1. Accessible surface of residue 81 in the full protein assembly, 1.4 angstrom probe, to the nearest 10 Å²?
2. Within the stretch 23-171, what whole-number % of the accessible surface is contributed by carbon and sulfur, with the 1.4 Å probe and all protein chains included in the calculation?
3. Spelling out what I want: for every residue of the stretch 170-175, take phi, set θ = phi - 60°, compute 6.51 cos²θ - 1.76 cosθ + 1.60 (Karplus), and round to whole Hz; glycine and proline get x.
4. Could you run the Karplus curve 6.51 cos²θ - 1.76 cosθ + 1.60 with θ = phi - 60° over the stretch 122-129 and give me ³J(HN,Hα) per residue in whole Hz, x for Gly and Pro?
5. What are the ³J(HN,Hα) values, in whole Hz, obtained from phi via the Karplus relation 6.51 cos²θ - 1.76 cosθ + 1.60 with θ = phi - 60°, for each residue of the stretch 69-74 in sequence order, with x given for Gly and Pro?
6. With label points built 7 Å along Cα→Cβ from the Cα atoms of residue 70 and residue 116, find their separation and express it in nm.
Amino acid sequence: MDSTPAKGLTLYSHTGVAYRFDPGALCLELLTTGGPGAYRRYEVLHEPADLAGWAQRSRLTPTPVLAISADEVAGVRRLRDALFRVVLAQVRGEPHPPADLEVVNEAAARPALAPAITPAGERRWAGSLTGTHLASTVARDAVELLTGPFSHRIRTCAAEDCHLVYVDTSRPGRRRWCSMEHCGNRHKVRALRARHTEEG
């Protein structure tokens, strides 16, 4: 699982309110860009600039400078959709779809982003980087997450109308919401209103 410092993603509710969401893993950050089936309507990866923009917002530090082709964008969408189905199967305690595992494993087998140290002691990425390197890094992160100590902590937000996926890395393991700013706060407001209605 990716261990670089989390930047956290800024997402927007259907009313346009911004909130922070940290899914806890690089591979789960990719799931916020769209997905298969009903999640297709959230698609944001249409062209190379979109994928580069996602990399900039992700937890990858520093942001890699990538040469991305249209075919690589399609490949990342294919990886994301496969990963989405694998992760949801994990959450439900179901077997991982074999065809989707193959997509993840094929991506993970390719060269990934390689970290290096500059003469000034700063972190950088080595070599000429492509969308394929990015996809491999995401896929390897998924393999680490799905086979690691937090594999049983992958969850979907407890709100009925929210489908965000995260890994609960908190010590007590009691995280229920994608974000306390968003769904957690909505739950508190509803609970408070319900109490006032009962008391009234």
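1. 20 Å²
2. Numbers: 3860 of 7250 Å².
The nonpolar share, carbon plus sulfur, comes to 53 percent.
3. Along the stretch 170-175, the couplings run 5, 4, x, x, 10, 5 Hz.
4. Per-residue couplings from phi come out as 9, 7, 8, 9, 8, x, 8, 10 Hz.
5. After applying 6.51 cos²θ - 1.76 cosθ + 1.60, I find 9, 4, 5, 5, 4, 4 Hz.
6. With each label placed 7 Å out from Cα toward Cβ, I get 3.2 nm.
The values are calculated or read from the model by the stated rules, or taken from the named source; none is laboratory data. From a predicted model like this one, the values you see are computed outputs, not experimental measurements. Neighbour counts are summed over all protein chains in view; Cβ atoms, including those assigned to glycine, are modelled from backbone coordinates with ideal geometry. For the accessible areas, the whole protein counts, side chains as well, though only heavy atoms, and no ligand, DNA or RNA atoms are used. Shrake-Rupley method; radii C 1.70, N 1.55, O 1.52, S 1.80 Å.
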